[in-house]
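Working notes, structure below.
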Amino acid sequence: MDLEQYKQMIGLWQSYKISSAAQLDKYLGNFRVLFAFHSGKIENEEITFHDTREIFENGRIINFSGNPRTLFEQQNQKLCYEVLKEKIMKKEPLTMELIKEIHRALTEGTYDERRYIENEERPGEFKKHQRHKTETQRFRRFYSTHVEITIMNKSHLERDGFCSNT
């Protein structure tokens, strides 16, 4: 998508002049279910589009035999959408408190013993402990390599006269 297409999409969305939560639901249509499904699918293979749609449309699922956490995660997606819908209509700004409220809505009832007791994590709060040292080590290696490549490329560009050394 190029910048012009993006501007056209923004213009189209603004042309709807949405003034109620019902209109927001109308224009978002199936997007809210698709977004919840794909978001959940990133971390949980058990999630199906059908189950997600059932939760959004009927508030329940019949004949589900998977992990109950899956249902909590998708139900939380629906609850979070409802919370955000009202905030969107009020044009509330994105704040740290809103981010924590979104996190709380999405994770309520989904924490296992390790997260809740051992790591003292809570829905709607920042982590107190680093999750994986190896993730930080990988990031540091990536970042330092990126900086080295950037410096090396800059020196080559300066050498070849494409930029000044000031």
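Every number here is computed from the coordinates shown, using simple stated rules; none is lab data. This is a predicted model, so every value here is computed, not measured. For neighbour counting, all protein chains shown are included, and Cβ atoms are generated from backbone atoms with ideal geometry for every residue, glycine included.
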Considering only residues that are of a type in the set (S, T, N, Q) and part of a helix (DSSP H, G or I), look in the stretch 37-79 and name the one that is farthest from ALA105 (Cα to Cα).
ASN58
Does GLU57 fit the bill of being over 22 Å from ALA22 (Cα atoms), free of Cβ contacts under 8 Å to residues at least 40 places away in the same chain and of a type outside the set (A, V, I, L, M, F, W, C)?
no
Considering only residues that are in contact (Cβ under 8 Å) with a residue 12 or more places away in the chain and under 24 Å from the mean Cα position of the chain (by Cα), look in the stretch 60-70 and name the one that is nearest to LEU28 (Cα to Cα).
THR70
Please list, ordered by first then second residue, the pairs with beta carbon atoms under 6 Å, 6 or more apart or interchain, first in the stretch 78-90 and closer than 20 Å to GLU54 by Cβ, second surrounded by fewer than 14 Cβ atoms within 10 Å (Cβ to Cβ).
LYS85/ALA21
